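The values are calculated or read from the model by the stated rules, or taken from the named source; none is laboratory data. Being a predicted model, the structure only gives us computed values, none of them experimental. We place every Cβ from the backbone using ideal geometry, glycine too, and count neighbours over all the protein chains shown.
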Amino acid sequence: MDKRMIISVGCEYASGGAEIGKIIAEDMGIEYYDRELIDQIITRVGISQNLLDLADAGAYVKGRRTSENNAGGPTQYKNLTDRLVFVQKQIVKKLADRSPCVIIGRCADYILRDKKNVLNVFIYAPLEDRIQRTMEYVGCDREAAVKIIEENDEMYHARYMQITGTFRGDRHNRHILIDSSLLGIAGTAKYIEKLVYMAKEA
């Protein structure tokens, strides 16, 4: 396998995926790109953060109108969403071509599906672990945490399906799926790092 490894990390909300990805990047001395960093790059080409948020929320994924009509009607919004998807794909490809890196989410596994030097990982966790992590991160009670998880799962599943036509976390699109509760955050990061080094030698 190519020595310039790209690690694509898809993850459930509150599974610890982003934290795991950051540890991997720091340990391996490579670049780290998450949703916020990629969105910052996208806004530089003239797409507002408001439109990014609307697109992620799947405002028209299910044919629903929202109260935010800054982008106009469904057709106009779809055109803007199509443009956003195109820009997102180009940015992810350029980041992957530039140097070894960890990319969190953003359908990177699908966008980079034709590259040979990509390790596609999906991280999940038991619901109870996700609830506890959400309560800690957000500072909310259990009921609110469950609602946040459900809303995020629906949002990201819809967005992934819209862009890729496949299910998020589908094993056929990943080299490995791992429960972060098995080894913990640091242990999961170390495990994936070992896989990367083994893949480099394969």
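Selection over region 3-45 of residues that are touching a residue at least 40 places away in the same chain (Cβ under 8 Å) and touching a strand residue (DSSP E or B) at 6+ places or on another chain (Cβ under 9 Å) gives a count of 26.
For N120, state whether it is polar (S, T, N, Q), under 27 Å from Q40 (Cα atoms) and at pLDDT 95 or above. Answer is yes for this residue. Would you check if I47 is under 20 Å from R159 (Cβ atoms), part of a loop (DSSP other than H, G, I, E, B) and at pLDDT below 95? Here the answer is yes, as I47 does meet what is asked.
Only residues that are part of a strand (DSSP E or B) and not aromatic (F, W, Y): list them for region 5-34, please. Within region 5-34, I6, I7, S8, V9, G10, C11, E31 qualify.
Within region 3-31, being among the charged types (D, E, K, R), more than 18 Å from N120 (Cβ to Cβ) and over 15 Å from the mean Cα position of the chain (by Cα) holds for E26, D27. Looking only at residues in region 90-148 that are assigned to a strand (DSSP E or B) and among the aromatic types (F, W, Y), the one that is farthest from D27 (Cα to Cα) is Y124. For region 153-190, a residue qualifies if it is among the hydroxyl-bearing types (S, T, Y) and either loosely packed, with under 15 Cβ neighbours inside 10 Å or closer than 12 Å to Y124 by Cα (or both), and the qualifying residues are T166, S180, S181, T188. Residues in region 109-142 that are among the basic types (K, R) and either surrounded by 15 or more Cβ atoms within 10 Å (Cβ to Cβ) or in contact (Cβ under 8 Å) with a residue 24 or more places away in the chain (or both): R113, K115, K116, R130, R133.
In region 155-193, of all residues being farther than 20 Å from I103 by Cβ and in contact (Cβ under 8 Å) with a residue 60 or more places away in the chain, the one that is farthest from the chain's Cα centre (by Cα) corresponds to A186.
If you go through region 84-102 one residue at a time, do you hit one that is farther than 24 Å from L37 by Cα, of a type outside the set (A, V, I, L, M) and surrounded by fewer than 16 Cβ atoms within 10 Å (Cβ to Cβ)? No, region 84-102 contains no residue that is farther than 24 Å from L37 by Cα, of a type outside the set (A, V, I, L, M) and surrounded by fewer than 16 Cβ atoms within 10 Å (Cβ to Cβ). Evaluating C101 against the criteria (1) among the hydrophobic types (A, V, I, L, M, F, W, C); (2) modelled with pLDDT under 85; (3) in contact with a strand residue (DSSP E or B) (Cβ under 8 Å, 6 or more places away or on another chain) leaves one unmet condition, (2).
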